[in-house]
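I have placed the structure first, in the form of structure tokens, so that the comments after it can refer back to it.
The values are calculated or read from the model by the stated rules, or taken from the named source; none is laboratory data. As the structure is a computational prediction, the values presented were derived from the model and not from experiment. Note that we place each Cβ from the backbone using ideal geometry, even for glycine, and neighbour counts take in every protein chain shown. Heads up: the accessible areas ignore ligands, DNA and RNA and are worked out on the full protein's heavy atoms, side chains in. Shrake-Rupley method; radii C 1.70, N 1.55, O 1.52, S 1.80 Å.
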Amino acid sequence: MNATAEMNRWIRFTPAQRVARFAVYLGMVAAIVWALKTIEVIPEFLYDAPAQVVDMGARMWPIDFAHFWPGIWPALVETLHIAAMATILGLCMGIPVGFLAARNATPFPWVNHAARFVLVATRSISTLLWALFFVAMFGPGPLAGALAIAFHSIGFIGKMFSEGVEESNRGSIEALQAAGATRMQQIVMGYWPMVLPTFWSVALFRWDINVRESAILGLVGAGGIGVALNSAIDLLQWDRVSLILLTIFVVVILIEIIVMQIRRRVI
Amino acid sequence: MNAVTRADFFQPSIWKRLGYALLVVYVIYAAATLGLSWERIERGVGYGAKFLAGFFPPSFTKSDLIPGLLESLQIAFLASLFGTLIAIPLSVLAARNLMPAFVTWPMRVIIILCRTFHPVIVAIIAVKAVGFGAMAGVIALTVASVGFVGKLLAEAIEEISKKQIEAIRATGASFMNTIIFGVVPQVMNRFIGFVAYETDSNLRHSTIVGVVGAGGIGGTLFAAFQRYDYDFVAGISIAIIALVMLGEAIQSYVKRVFR
Amino acid sequence: MSTLSIRQLAKEYVAGKPVLRDISLEIEGTGITAIIGPSGTGKSTLIRCINRLIDPTSGEIHFEGKDLAKLAGAELRAARRRIGMVFQEYNLVERLTVMENVLSGRLGYVSAWTAFRRKFSNDDIQRAFDLLKRVGLADFANRRADELSGGQRQRVGICRAVMQSPGLLLADEPTSSLDPKTSVEIMELMRDLARENNVPVVINIHQVQLAQRFAERIIGMSGGLVVYDGAPDGLTQDTLQKIYGGEDWLAT
């Protein structure tokens, strides 16, 4: 009787799984509790927040639409150029690194590791930090902005690419090897056609992100619509701030629609 | 052999060539607009070399490095927590296969609004609202997390198999039980992936919202830059990279545990 | 008195194009009732109207003293837990274990909090184990449902339905995705389990031979109407012609 009861106990996880899960839960709870307990909150600011938000909203209205053509439009065009150039440049730099990081296309572990480190490092340094570097190198302006986003994009593009390459079909590569193709030929003839869909989806996705990113470059003087936003905030011209936010919103939505349409047709 | 392969992959197509030509024309035009020139690059690389030399040796000794990093961590944790907690019900309400259109539309608008603006822009607004400090950073990154997790989770829910839901409904399960046994198992893996990615992204962003005064290491970094304190800039950058890499290692462990 | 009584049931997905025209049926006893008929004649719709996965346009469905066609909300769910259902493509929750899938038959009886923690009662868990042993899958309790073969999955699907302690079992083409040998095994299992648990079964099925071999009663449908209702051996070449052939067939 006892034996059957024992046998019929339903255990969802093995003890090791349970310990691992418990450790993860514990770690999460500990991190959250620590963060909640020690994070600096200034209560006076918090009580004041609703009033501040209402005040800000009131200052943002009515939106200064007259400022659009002289003040915003050129900055917007610059932003779009920055995003497009950064995407192209980012693809040019990210794809080779992606191939180097893929274990099947580059069978040298130390090269893989080095390439992976480049991918993580470029991704970890945020666009703004890259922008600060490039502003120091090339002076303020859109060039620094485009380079900043391009370098920050390397990590994402390379990571997606190396994953795409690693998932590609071994058979057709073996066929090329059997035909005596060199490593470069294998990449161009074998891997590249197989990751072409990845290429398009990564390019589109990254372009979408880069437009958003390029809107903040102006904060450190690296060109684009962020310059206009920064100066409007510094000069407390809230009716222009709302105009710029609205512009960004519309552009981002438009780009999302374009990306969706292209995706539906091409991929 | 080679010739055959070549013909297969590079069929001469007028449209393709036109596309490449247009791309080249655009790149030249845009490069000119951005003020790209050899002379400028040469000068820039010169500055860059000097600048890189200033990085070495990186300095980790300044007293505000550790508190700044810890504050960034706090911001990232709390934003991921609050963002995920808000995003879960929002995405259930935004999924068109579970809810009627008059519920999904407002939810989708909220998600789109959260996604549109870069966290740094939201941080600027948040700083105006709640003042300088980590609080503003948490708010900014929470908004971004709601947008990101909300969108992807709503899409994941919309892609689940209706048959499995139908079977659970046929047992007489309530709406909540249907979610727990029918929807959750189908989206759980992807959900963990989204949250992991979001935490990673929050960690990275939490190191820059300080540039606009929203707490974390970003403020320290920005200040170091403006003081030309480049060895400290290098130290902070290396610390950030190490933090993000550590985060990725933890992430992959957590993903393995919950697979 | 009969277990299930359907009166003048009709269903139109598009107004003016009825899929079910005027179905009246009495189901009683504990045997298998097989519904046969050509594809698109509303067999699946009929089965799904009974447990209201599809809402009928008009008509009555009486089961255990209630008209299912009029129920909604909690009352409908309470009625549904008394009706087990087996699906053509098994419809197991693939990422859950076999055990969780079987226990999901109890979801109509437990609270969300219980379901979330998987704290099903000991009786339920014992019963689930017994059922799994009964269908020969005792060793598979902790395997994920998507690791199983088609026949094994359908066994789990049957366990889930029986787990509900149903007063009626519905099966929507339970063998259509299986090979002939497994199909027979599944039909045997359904027949035996129905007998052991004293439940009538309504099956809609494509293979006429299987229907004749296992059912005690056969209902032939065509064009949204019942055209044959009787014993399996009453199915003559003529009646089959009437169900599958005839003008309807030639017209389309």
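At a glance:
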{"read-out": "Residue within the range A:230-244 that is assigned to a helix (DSSP H, G or I), open to solvent by less than 10 Å² (accessible area, probe 1.4 Å) and more than 11 Å from chain B (Cβ to nearest Cβ) present", "value": "yes"}
{"read-out": "Only one of A:167, A:163 that is closer than 20 Å to residue A:87 by Cβ and of a type in the set (Asp, Glu)", "value": "A:163"}
{"read-out": "Qualifying positions in the range A:70-83 - more than 11 Å from every other protein chain (Cβ to nearest Cβ) and in contact (Cβ under 8 Å) with a residue 60 or more places away in the chain", "value": "A:71, A:72, A:75, A:76, A:79"}
{"read-out": "Residue pairs meeting the criteria (Cβ under 6 Å; at least 6 apart or on separate chains; first over 16 Å from residue B:164 (Cα atoms), in the range C:136-154; second modelled with pLDDT of 90 or more and among the basic types (Lys, Arg))", "value": "C:137/C:155"}
{"read-out": "Residue count, the range B:33-45 (criterion: open to solvent by 40 Å² or more (accessible area, probe 1.4 Å) and either over 17 Å from residue A:150 (Cβ atoms) or assigned to a loop (DSSP other than H, G, I, E, B) (or both))", "value": "6"}
{"read-out": "Set C:229, C:192: member being open to solvent by 50 Å² or more (accessible area, probe 1.4 Å) and either of a type outside the set (Phe, Trp, Tyr) or not in a helix (DSSP H, G or I) (or both)", "value": "C:229"}
{"read-out": "When residues of the range B:48-101 are limited to those that are among the hydroxyl-bearing types (Ser, Thr, Tyr) and surrounded by 15 or more Cβ atoms within 10 Å (Cβ to Cβ), the one nearest to the other protein chains (Cβ to nearest Cβ)", "value": "B:80"}
{"read-out": "Residue within the range B:155-177 that is within 30 Å of residue A:233 (Cα to Cα) and of a type in the set (A, V, I, L, M, F, W, C) present", "value": "no"}
{"read-out": "Count - residues of the range B:120-140 that are within 7 Å of chain A (Cβ to nearest Cβ), open to solvent by less than 40 Å² (accessible area, probe 1.4 Å), part of a helix (DSSP H, G or I) and more than 12 Å from residue B:206 (Cα to Cα)", "value": "4"}
{"read-out": "Test: residue in the range C:167-179 that is in a helix (DSSP H, G or I), touching a residue at least 60 places away in the same chain (Cβ under 8 Å) and touching a Ser or Thr at 6+ places or on another chain (Cβ under 7 Å)", "value": "no"}
{"read-out": "Conditions (1) open to solvent by less than 30 Å² (accessible area, probe 1.4 Å); (2) within 12 Å of another protein chain (Cβ to nearest Cβ): number failed by residue B:117", "value": "(1)"}
{"read-out": "Helices (runs of 4 or more DSSP H) completely within the range A:1-117 that count 2 or more residues being of a type in the set (S, T, N, Q)", "value": "A:2-7, A:15-38, A:73-101"}
{"read-out": "Of residues in the range A:84-115 being of a type outside the set (A, V, I, L, M) and in contact (Cβ under 8 Å) with a residue 40 or more places away in the chain, the one nearest to the other protein chains (Cβ to nearest Cβ)", "value": "A:87"}
{"read-out": "Lone qualifier among B:144, B:214 - being within 23 Å of residue A:217 (Cβ to Cβ), in a loop (DSSP other than H, G, I, E, B) and more than 9 Å from every other protein chain (Cβ to nearest Cβ)", "value": "B:214"}
{"read-out": "Selection count, the range C:130-145, where residues are open to solvent by 20 Å² or more (accessible area, probe 1.4 Å) and either assigned to a loop (DSSP other than H, G, I, E, B) or closer than 19 Å to residue C:77 by Cα (or both)", "value": "3"}
{"read-out": "Residue selected from the range B:26-40 under the condition under 32 Å from the mean Cα position of the chain (by Cα) and more than 8 Å from chain A (Cβ to nearest Cβ), by the criterion modelled with the lowest pLDDT", "value": "B:32"}
{"read-out": "Scan of the range C:56-67 for residues that are in contact with a strand residue (DSSP E or B) (Cβ under 8 Å, 6 or more places away or on another chain), surrounded by fewer than 21 Cβ atoms within 10 Å (Cβ to Cβ) and either at positive phi or within 14 Å of chain B (Cβ to nearest Cβ) (or both), ordered by number", "value": "C:59"}
{"read-out": "Verdict on residue C:127 being open to solvent by 20 Å² or more (accessible area, probe 1.4 Å), assigned to a helix (DSSP H, G or I) and either more than 9 Å from every other protein chain (Cβ to nearest Cβ) or closer than 23 Å to residue B:161 by Cβ (or both)", "value": "yes"}
{"read-out": "Residue B:196 crowded, with 24+ Cβ neighbours inside 10 Å, closer than 24 Å to residue A:39 by Cβ and hydrophobic (A, V, I, L, M, F, W, C)", "value": "no"}
{"read-out": "Cβ pairs under 6 Å, 6+ apart, first in the range B:74-94 and touching a residue at least 12 places away in the same chain (Cβ under 8 Å), second part of a helix (DSSP H, G or I) and among the basic types (Lys, Arg)", "value": "B:94/B:108"}
{"read-out": "Single match in B:162, B:151 (criterion: away from chain C (no Cβ under 14 Å) and either at pLDDT 90 or above or open to solvent by 40 Å² or more (accessible area, probe 1.4 Å) (or both))", "value": "B:151"}
{"read-out": "Per-region count, the range C:95-118, residues closer than 30 Å to residue C:178 by Cα and facing chain B (nearest Cβ under 7 Å)", "value": "6"}
{"read-out": "Filter result (surrounded by fewer than 24 Cβ atoms within 10 Å (Cβ to Cβ) and either small (Gly, Ala, Ser) or away from chain C (no Cβ under 14 Å) (or both)) within the range B:165-181", "value": "B:174"}
{"read-out": "Scope the range C:36-61; condition touching a Leu at 6+ places or on another chain (Cβ under 7 Å) and touching a residue at least 40 places away in the same chain (Cβ under 8 Å); matching residues", "value": "C:42, C:46, C:47, C:49, C:50, C:51, C:56, C:59, C:61"}
{"read-out": "Members of the range C:74-89 that are more than 7 Å from every other protein chain (Cβ to nearest Cβ), in contact (Cβ under 8 Å) with a residue 40 or more places away in the chain and open to solvent by 30 Å² or more (accessible area, probe 1.4 Å)", "value": "C:82, C:88"}
{"read-out": "Residues located in the range B:238-259, provided they are part of a helix (DSSP H, G or I), touching a residue at least 12 places away in the same chain (Cβ under 8 Å), more than 9 Å from every other protein chain (Cβ to nearest Cβ) and closer than 21 Å to residue B:191 by Cα", "value": "B:247, B:251, B:255"}
{"read-out": "Residue match in the range A:69-90 (condition: at pLDDT below 85 and either within 30 Å of residue A:169 (Cα to Cα) or open to solvent by 70 Å² or more (accessible area, probe 1.4 Å) (or both))", "value": "yes"}
